[in-house]
Amino acid sequence: MKCENSINYNRQKYTLIINPCSGNKDCNLILHKIQNFLGDIDVKITEKKGDASAFAKNSKADVVIVAGGDGTINEVINGLMEKKLAKTLKSDFSTSVFTGGQVEKSGLKKTDPSPQGENATSLLTGGRFSFYKPMNTKEIKPNNIPRLAIIPIGTSNMVARAFNIPKNIDKAILLIQQNRRKDLDIGRANNRYFAIACGVGIDAEMYKNVEPKIKKMFGEVAYPLSLLKAIFNYKPKLLQINVNGNKYFGYYVLVCNIAKFQNILQILPDSKYDDGFFDVLILQKKELPDLLRYLFGIATTQVYKFKDVVCVKATSLEITSEEPVIAHADAEIIGKTPIKLKMYEKAIEVIC
Ligand SMILES: [Mg+2]
């Protein structure tokens with residue numbers, strides 16, 4: 001894990017993306033403080049879903065600062081990854097498409113950021129064979145998109161916790177000034193990118209049923225309340241997990257990118273967010289006592305020792321089921337199975 005020292009932060013350009021709906025903090029005060037510390041910055045205030053992602057994608061700054069919670073961070077990560085992959089594909093096409101000794105444009109659009117485009121291996125163009133160099137996740141340059149900085153004003157602030165970013169606004173701004181950076185792997189579940197985890201099964205049901213009013217009034221308490229509801233209402237369905245050439249079966253899958261959040265929660269003790277691997281947890285039983293045991297195991301960093309829990313490291317995997325099963329990425333519902341997952345190693349730099 002690298003942690004580079006400060007470069008001249010006075011020359012940095014910043015885009016600040018504020019979600020005024022996150023938590024209960026005074027956004028004007030935050031804005032005032034950030035402008036005091038960092039000077040003239042490009043300020044973007046979100047009004048609706050999707051704004052944060054678009055602001056991040058269009059940012060021309062060196063650093064995108066998110067003043068918000070994990071939902072806003074997830075949107076910004078999606079915007080940054082779309083920007084990164086569009087750039088990578090563009091430069092990849094300029095060097096790697098050959099036809100009979102001549103460089104020729106391929107049939108794909110140059111800026112096509114779609115998953116199908118980036119996974120392409122060969123194309124037929126005008127009756128001749130073209131070779132498209134498959135994108136290796138390690139080829140993605142870490143510095144070609146803005147770095148991510150966080151002012152944690154959300155409900156849970158799990159990403160900020162993983163990077164030890166303080167909730168105190170002055171201290172968080174000081175970190176941004178210091179400009180020390182760590183790499184963060186990013187996962188993709190179908191068409192959605194995520195920083196923390198993708199879950200298929202009961203925790204997606206929990207996130208689906210969280211009451212926004214309770215979350216706003218009581219904060220994190222909203223999650224265990226919603227989980228209780230899910231435990232008694234959710235009917236587990238068998239999932240098939242295709243990973244590393246093997247097939248596994250279970251009733252709940254958690255694909256972790258970040259699995260340690262300071263001393264609050266450590267799901268897996270050896271998990272790293274910059275090693276290029278997901279930590280995949282497959283829980284194989286479905287009865288209520290088993291579910292409660294798994295929850296206890298997750299809360300106490302013991303779940304990986306259970307005999308009916310499979311833990312595997314993977315860079316890609318697929319989760320399928322006969323009946324569709326709900327899935328989330330970073331607590332955002334992304335649809336139902338089948339879910340394809342892919343790892344992007346060291347895709348984003350986080351200032352921390
Ligand atoms: Mg990892």
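Just so it is clear, none of the values below were taken in a lab; they were calculated from the coordinates. Quantities reported herein were computed from a predicted structural model and do not represent experimental measurements. Cβ sites come from the backbone with ideal geometry, for glycine too, and all protein chains shown count toward neighbours.
In nm, what is the difference between 0.36 nm times the number of residues separating Gln178 and Glu47 and their Cα-Cα distance?
My answer for the length gained is 44.2 nm.
Pairs from the table (Lys216/Lys305; Lys25/Lys84; Lys182/Lys342; Lys286/Lys340) lying more than 28 angstrom apart at Cα are Lys216/Lys305; Lys25/Lys84. Summarising the label geometry, the points placed 7 Å from Cα in the beta-carbon direction at Asn36 and Phe218 lie 3.6 nm from one another.
Extension gain, Leu265 to Leu292: 0.36 nm times the residue separation minus the Cα-Cα distance gives 8.1 nm.
With Cα atoms as the point set, the radius of gyration and Dmax of the range 192-346 evaluate to 14.7, 46 Å. For the residue pairs Lys167/Lys215; Lys229/Lys313; Lys13/Lys33; Lys48/Lys208; Lys60/Lys272, the alpha carbons lie more than 26 Å apart in Lys229/Lys313; Lys60/Lys272.
Note on Lys247 and Lys285: the extension gain reaches 12.1 nm, defined as 0.36 nm multiplied by sequence separation minus the Cα-Cα distance.
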